[in-house]
Structure formats: structure tokens, C-alpha cells
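A.B. asks: Sharing a structure, written as C-alpha cells. Questions coming.
The values are calculated or read from the model by the stated rules, or taken from the named source; none is laboratory data. All figures in this text were calculated on a predicted structure; none of them were measured in a lab. Positions of Cβ are generated from backbone atoms using ideal geometry, with glycine treated the same way; all protein chains shown enter the neighbour counts.
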Amino acid sequence: MIQYRVPAGFGEAELIEKRSRFISRIWPAETEDEAIARIREMREKHWDASHNVYAYIIRDGNIMRYSDDGEPQGTSGIPTISVFQHEEIFNFCCVTTRYFGGTLLGAGGLVRAYSAAAKAALDSAGISAMGSWSDFIVSCSYGQYERVRNELISLGAMVEDTDFGVDVMITAAIPEDKAEALRANITEITAGSAVMEITGSRFRAVKVT
């Protein structure tokens, strides 16, 4: 199963370092155009800021960009993107806005501040694992329902809908590499009377932190 890590959603964090204010924000971004739009949005919103440092990595096309936006070279853009490289995060855009507080932080201080702000924004957003999942439907009797449902949960399937009709129809999804094991287990615990049908596959994100 192909898997990579992405932000679970929007995240924001703020820190103060010697009266300088650092506001870091992160968004999921599937394309470079999305990332550029977020950067433009922050530049327009914080037009009066000292700097709007950005970084983004887009998995499709292996695109990686960052900018110090006027800070000393290597003190902001690279430390920001390094946070996400260390966590192996793709498809994101991070913009850290700095309002200068009147006291110089020095190169080391800037690296620490921008790194800490980006990491705090990522912690706020959370991380999801993106992988290939199989969609499926299981048809079973009412007497088998609890055993089948417990089996789904034990193998990490995500139940999306349950229809209690003549039989129980469970619509769910499971990581692709576990689908056949689940099918075999359901066949075993129901003596072959429950039916599991794979209906398709898709990439989906599941929050891990």
C-alpha cells in the first residue's frame, strides 16, 4: 500500500520571541497553485508584517519551494521546510508571518523561532496517513452481525454505513493490503455464509496524530 503523510487539516500557532511575534499557519495543498494562493492571501492579510516566510512541498511533480522573504539567508525558509521534511509531510503550504519586535534575534535565534513556529502549527493541524483503501460491502445475518463488525474493527476497517434490512449490509473501507485477510476471516467466522464484495479502491487520509 502506497502511503505518505499529509497535514490532517488547517493548523495555526503563535509564539513571541523577544517581542517579535511569529504567526505560523499550515494548510493542506494538493497543487502548487493552491500553495501560491495561500501565500498571496497571507501577504495581503499581513501586508504590514516584517516578513511572510513560506515553504511548501507538493508530492505530484516533486515540487519544493521556500523563501526567507527578506530574512537573512538560511534563517527561516530552510528551517521551516526542514520541519516538514523531518516529519515526512507532503502536500502542504506553511506561511509564518513575523512582526518585528525591535530586538535582533541573530541567525540562531531566527532558526529556532521559525522552526518552533512551524512545528507548533503542524502539531495544531495534526498528521494524516494517505494510502490506498479498498471499499467493500459485507452482507450477513443479524446473528452474525456482532462477530463480523468486531472482525472489521480488529483489522482496522472503517464502517461508513449499516443497513438493517432483510440481512445486514455493512458498507466500509479497509487498507488495501488487509482486504484479502479480512475476506478470509469473514468467510471463516461465518462458515462461508457472509459475503464480502470489493466495490472499488481509492486514496484516503486517516489521522494518525
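A.B. asks: Would you pick out the residues in region 156-209 that are closer than 30 Å to Pro28 by Cβ and among the small types (Gly, Ala, Ser)?
C.D. replies: Listed by number, the residues that qualify are Gly156, Ala157, Ala172, Ala173, Ala179, Gly200, Ser201, Ala205.
A.B. asks: Count, please, the residues in region 1-45 that happen to be farther than 20 Å from Leu110 by Cβ and without any contact (Cβ under 8 Å) to a residue 60 or more places away in the chain.
C.D. replies: Adding up the residues that qualify gives 12.
A.B. asks: If I ask for residues that are free of Cβ contacts under 8 Å to residues at least 40 places away in the same chain, in contact with a Leu (Cβ under 9 Å, 6 or more places away or on another chain) and β-branched (Val, Ile, Thr), which ones from region 55-90 would you list?
C.D. replies: Scanning region 55-90 gives Thr75, Val83.
A.B. asks: Under 8 Å between Cβ atoms, at least 6 apart or on separate chains: pull out the pairs that start in region 110-130 with a residue that is without any contact (Cβ under 8 Å) to a residue 60 or more places away in the chain and end on any residue that is in a helix (DSSP H, G or I) and surrounded by fewer than 18 Cβ atoms within 10 Å (Cβ to Cβ).
C.D. replies: Ser115/Ser82
A.B. asks: State whether one or more residues within region 25-34 are over 17 Å from Ala125 (Cα atoms), among the hydrophobic types (A, V, I, L, M, F, W, C), part of a strand (DSSP E or B) and assigned by TED's automatic domain parsing to the domain that holds Pro7.
C.D. replies: The answer is no; no qualifying residue exists.
A.B. asks: Among the residues of region 65-87, write down those that are within 17 Å of the chain's Cα centre (by Cα) and farther than 20 Å from Phe10 by Cβ.
C.D. replies: Matches in region 65-87: Ser82, Gln85, His86.
A.B. asks: Please specify each residue of region 97-115 satisfying the condition of being part of a helix (DSSP H, G or I) and either surrounded by 23 or more Cβ atoms within 10 Å (Cβ to Cβ) or among the polar types (S, T, N, Q) (or both). Full working, then the answer.
C.D. replies: Applying the first criterion (part of a helix (DSSP H, G or I)) to region 97-115 yields 106-115.
Those that are part of a helix (DSSP H, G or I) and either surrounded by 23 or more Cβ atoms within 10 Å (Cβ to Cβ) or among the polar types (S, T, N, Q) (or both): Leu110, Ala113, Tyr114, Ser115.
A.B. asks: Which of the following residues is in the same structural domain as Ser201 (by TED's automatic domain parsing), surrounded by fewer than 20 Cβ atoms within 10 Å (Cβ to Cβ) and at positive phi: Gly165, Gly156? So that I can check it myself, show each step before the final result.
C.D. replies: Working: Gly165 fails: at positive phi.
Exactly one residue qualifies, and that residue is Gly156.
A.B. asks: Please go through region 116-148 and give me each residue that is surrounded by fewer than 17 Cβ atoms within 10 Å (Cβ to Cβ) and either over 16 Å from the mean Cα position of the chain (by Cα) or in a helix (DSSP H, G or I) (or both), ordered by number.
C.D. replies: Selection gives Asp123, Ile137, Ser141, Tyr142, Gly143, Glu146, Arg147.
A.B. asks: Name the single residue, out of those in region 1-24 being outside any strand (DSSP E or B) and in contact with a Phe, Trp or Tyr (Cβ under 9 Å, 6 or more places away or on another chain), that is surrounded by the fewest Cβ atoms within 10 Å (Cβ to Cβ).
C.D. replies: For region 1-24, the residue satisfying everything is Ile2.
A.B. asks: Oh, and also: Report, by residue number, each residue of region 120-138 that is among the polar types (S, T, N, Q) and either at pLDDT 95 or above or in contact with a helix residue (DSSP H, G or I) (Cβ under 7 Å, 6 or more places away or on another chain) (or both).
C.D. replies: Across region 120-138, the qualifying residues are Ser124, Ser132, Ser134.
A.B. asks: Need the failing condition index for Cys94 against (1) within 17 Å of Arg5 (Cβ to Cβ); (2) without any contact (Cβ under 8 Å) to a residue 60 or more places away in the chain; (3) surrounded by 15 or more Cβ atoms within 10 Å (Cβ to Cβ), just the number.
C.D. replies: Among (1) within 17 Å of Arg5 (Cβ to Cβ); (2) without any contact (Cβ under 8 Å) to a residue 60 or more places away in the chain; (3) surrounded by 15 or more Cβ atoms within 10 Å (Cβ to Cβ), the lone unmet condition for Cys94 is (2).
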